[in-house]
Amino acid sequence: MRISYEDILKAKEKIGKDVIHTPMIEATRLSSRSEVNIWLKLENLQHTAAFKARGALNKLINLSEKEKKKGVIACSAGNHAQGVAYNASRLGIPSIIVMPKGTPFNKIQKTEEFGAKVDIYGNNFDEAAKYTKERSEKEGLTYIHPFDDDYVVAGQGTIAMEMLEDIPNLDAIIVPIGGGGLISGIAVAAKNINPDIKIIGAQTELYDAAKRINSGNHDIPQGGGTLAEGIAVKYPSEKNMEIINKLVDEIFVLSEVQIEEAVFHLLSAEKMVAEGAAGAALAVVLEYPEKFKDKKVGIVISGGNIDSRILSTLIMRGMVRDGRITRLRFEIDDTPGQLADISRIIGEEGANVIEVIHQRMMQAVPLKRAELDVVIEARDEQHAHEIVEELRNTGFIVHVMNELA
């Protein structure tokens with residue numbers, strides 16, 4: 001293989017003082033829920049809030065003085081961009097970052113704040129990457145690939161060394177897969193330290209190329225918008241796939257709903273902000289706990305750069321799924337006091353009213369009747385059911401309208 005354990009040891013020596021040895025914490029609540037001993041490697045606490053700072057730094061410090069002076073260019077949907085921008089600025093190296101259209105604004109802003117010039121080009125990563133290569137050749141800039149680069153992969157492998165230094169007896173490590181750089185570096189390091197450890201990959205079903213190729217299927221993934229944009233890669237590196245085919249024990253493919261729920265559980269159960277790629281890794285355990293029962297499993301929380309608007313919507317949707325937010329539709333007589341009675345009952349049952357929509361004008365509603373939508377916040381799904389039963393026992397016609405339930 002092109003990457004050796006010695007390469008990762010060298011990377012650790014070179015970048016160790018300039019990257020954060022991020023903590024491994026036990027996810028107590030999620031462990032209890034799944035009967036799996038879950039440990040989280042918090043790369044969302046890394047410089048730039050993602051693991052990508054490691055590989056980018058290892059690449060940059062290995063450039064020649066001439067290459068450093070000329071400058072570098074990279075293509076990324078966000079985390080690699082910030083890793084390159086942060087470390088290049090710190091080392092005094094000019095950097096240009098090409099980002100595809102649709103990249104979350106917070107990632108563009110943070111990349112610029114770290115000192116890079118941002119160039120928005122292409123409708124997806126592949127179009128942006130092609131343009132980046134062309135520009136690097138035309139302008140003599142060093143192209144720093146997000147995953148198909150030996151120094152980058154070796155830098156990412158330092159994560160596994162830290163994980164096994166902190167928790168030596170891990171049975172498995174679960175890693176999100178996009179282009180394969182992260183899991184390749186981790187697999188090489190971990191298998192050299194402990195040949196018996198299981199290396200597990202996680203992908204979104206919209207970008208499941210590594211799983212397909214690993215299974216002998218070379219069809220192009222479906223693609224499309226995904227919460228896990230950090231692993232939205234249609235073509236993983238061939239060199240990384242060689243490592244994956246040899247050292248990765250199993251790859252799981254998760255749906256968008258499963259990833260979304262995992263991100264919500266990280267936030268609600270462990271108070272941990274994580275992006276979709278990290279959610280994919282956790283979703284493996286949450287969806288297939290029987291495969292890891294009573295095992296000690298390390299999960300790489302690869303980053304925390306999730307758009308605040310997306311995060312707020314995700315939280316509300318998660319609360320709907322948990323039954324903590326419920327929309328109730330009432331058929332009521334259009335007479336004074338109806339809303340007051342409904343609000344009183346809901347309050348007496350210990351819930352909050354957070355939205356009210358009173359509908360008289362639609363033709364489907366009889367002239368002397370009205371339709372009332374009330375959104376309530378309850379303790380949990382059982383509490384919401386108890387409130388509905390009390391309302392019905394009082395004589396109200398009420399329907400539960402949760403689309404996500």
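Looking for something touching a residue at least 24 places away in the same chain (Cβ under 8 Å), part of a helix (DSSP H, G or I), in the same structural domain as THR28 (by TED's automatic domain parsing) and of a type in the set (Ser, Thr, Tyr) - is there at least one such residue anywhere in the stretch 255-275? Break it down into steps so the answer makes sense when it comes.
Of all residues in the stretch 255-275, those touching a residue at least 24 places away in the same chain (Cβ under 8 Å) come to 255-256, 258-270, 272-275.
Subsequent filtering for residues that are part of a helix (DSSP H, G or I) retains 256, 258-270.
Filter once more, keeping what is in the same structural domain as THR28 (by TED's automatic domain parsing): 256, 258-270.
Remaining after also requiring of a type in the set (Ser, Thr, Tyr): 268.
Yes, the stretch 255-275 has at least one match.
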Original post:
Which of the residues that make up the stretch 160-181 are part of a helix (DSSP H, G or I), in contact with a strand residue (DSSP E or B) (Cβ under 6 Å, 6 or more places away or on another chain) and buried (at least 24 other Cβ atoms within 10 Å of the Cβ)?
Top reply: MET163
Original post:
Any idea how many residues of the stretch 370-405 are farther than 20 Å from PRO336 by Cα, crowded, with 16+ Cβ neighbours inside 10 Å and of a type in the set (Gly, Ala, Ser)?
Top reply: 2
Subject >> Filter pass, LYS110 being of a type in the set (D, E, K, R), assigned by TED's automatic domain parsing to the domain that holds ASN79 and touching a helix residue (DSSP H, G or I) at 6+ places or on another chain (Cβ under 9 Å) >> reply: yes
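With the structure loaded, tell me whether GLY323 is buried (at least 17 other Cβ atoms within 10 Å of the Cβ) and part of a loop (DSSP other than H, G, I, E, B) or whether it fails that test. Outline the logic, then answer.
Details: buried (at least 17 other Cβ atoms within 10 Å of the Cβ): yes; part of a loop (DSSP other than H, G, I, E, B): yes.
Considered against the rule, which asks whether it is buried (at least 17 other Cβ atoms within 10 Å of the Cβ) and part of a loop (DSSP other than H, G, I, E, B), GLY323 comes out as yes.
Return yes or no: is ALA202 surrounded by 20 or more Cβ atoms within 10 Å (Cβ to Cβ), in the same structural domain as SER34 (by TED's automatic domain parsing), closer than 22 Å to GLU127 by Cβ and within 22 Å of the chain's Cα centre (by Cα)? Talk me through it step by step, then tell me what you get.
Numbers: surrounded by 20 or more Cβ atoms within 10 Å (Cβ to Cβ): yes; in the same structural domain as SER34 (by TED's automatic domain parsing): yes; closer than 22 Å to GLU127 by Cβ: no; within 22 Å of the chain's Cα centre (by Cα): yes.
For ALA202, the condition - surrounded by 20 or more Cβ atoms within 10 Å (Cβ to Cβ), in the same structural domain as SER34 (by TED's automatic domain parsing), closer than 22 Å to GLU127 by Cβ and within 22 Å of the chain's Cα centre (by Cα) - is not met.
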Subject >> Residue check, TYR235 among the aromatic types (Phe, Trp, Tyr), assigned by TED's automatic domain parsing to the domain that holds LEU40 and buried (at least 24 other Cβ atoms within 10 Å of the Cβ) >> reply: no
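From the list GLU403, GLU390, exactly one residue is at pLDDT 85 or above, at negative phi and among the acidic types (Asp, Glu). Which is it? Reasoning before the result, please.
Details: GLU403 fails: at pLDDT 85 or above.
Result of the check over GLU403, GLU390: GLU390.
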**OP:** Test each condition in (1) outside any helix (DSSP H, G or I); (2) surrounded by fewer than 24 Cβ atoms within 10 Å (Cβ to Cβ) for LYS191 and report the one that comes out false.
**Re:** (1)
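Assess whether TYR151 counts as being outside the structural domain of LYS41 (by TED's automatic domain parsing), in contact (Cβ under 8 Å) with a residue 12 or more places away in the chain and crowded, with 20+ Cβ neighbours inside 10 Å.
Values: outside the structural domain of LYS41 (by TED's automatic domain parsing): yes; in contact (Cβ under 8 Å) with a residue 12 or more places away in the chain: yes; crowded, with 20+ Cβ neighbours inside 10 Å: yes.
For TYR151, the condition - outside the structural domain of LYS41 (by TED's automatic domain parsing), in contact (Cβ under 8 Å) with a residue 12 or more places away in the chain and crowded, with 20+ Cβ neighbours inside 10 Å - is met.
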Original post:
From the set of residues in the stretch 89-137 that are of a type in the set (Gly, Ala, Ser) and closer than 20 Å to GLY230 by Cβ, which is modelled with the lowest pLDDT?
Top reply: GLY102
Original post:
When the residues of the stretch 206-234 are filtered to those that are in a loop (DSSP other than H, G, I, E, B) and touching a strand residue (DSSP E or B) at 6+ places or on another chain (Cβ under 6 Å), which remaining residue is farthest from ASN245 (Cα to Cα)?
Top reply: THR226
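Evaluate the following for ALA340: is it out of contact with any helix residue (DSSP H, G or I) (no Cβ under 8 Å at 6 or more places or on another chain), over 24 Å from ILE231 (Cβ atoms) and not assigned by TED's automatic domain parsing to the domain that holds ARG29? I'd like the intermediate steps shown before the answer.
Numbers: out of contact with any helix residue (DSSP H, G or I) (no Cβ under 8 Å at 6 or more places or on another chain): yes; over 24 Å from ILE231 (Cβ atoms): yes; not assigned by TED's automatic domain parsing to the domain that holds ARG29: yes.
Against the criterion (out of contact with any helix residue (DSSP H, G or I) (no Cβ under 8 Å at 6 or more places or on another chain), over 24 Å from ILE231 (Cβ atoms) and not assigned by TED's automatic domain parsing to the domain that holds ARG29), ALA340 qualifies.
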Original post:
Got a sec? Which strands (runs of 3 or more DSSP E) wholly within the stretch 1-96 have at least 2 residues that are within 27 Å of the chain's Cα centre (by Cα) and not assigned by TED's automatic domain parsing to the domain that holds GLU275?
Top reply: 72-75
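The values are calculated or read from the model by the stated rules, or taken from the named source; none is laboratory data. Predicted model only: the values in this text are computed from it and were never measured. Counting neighbours? That spans all protein chains shown, and the Cβs are built from the backbone with ideal geometry, glycine included.
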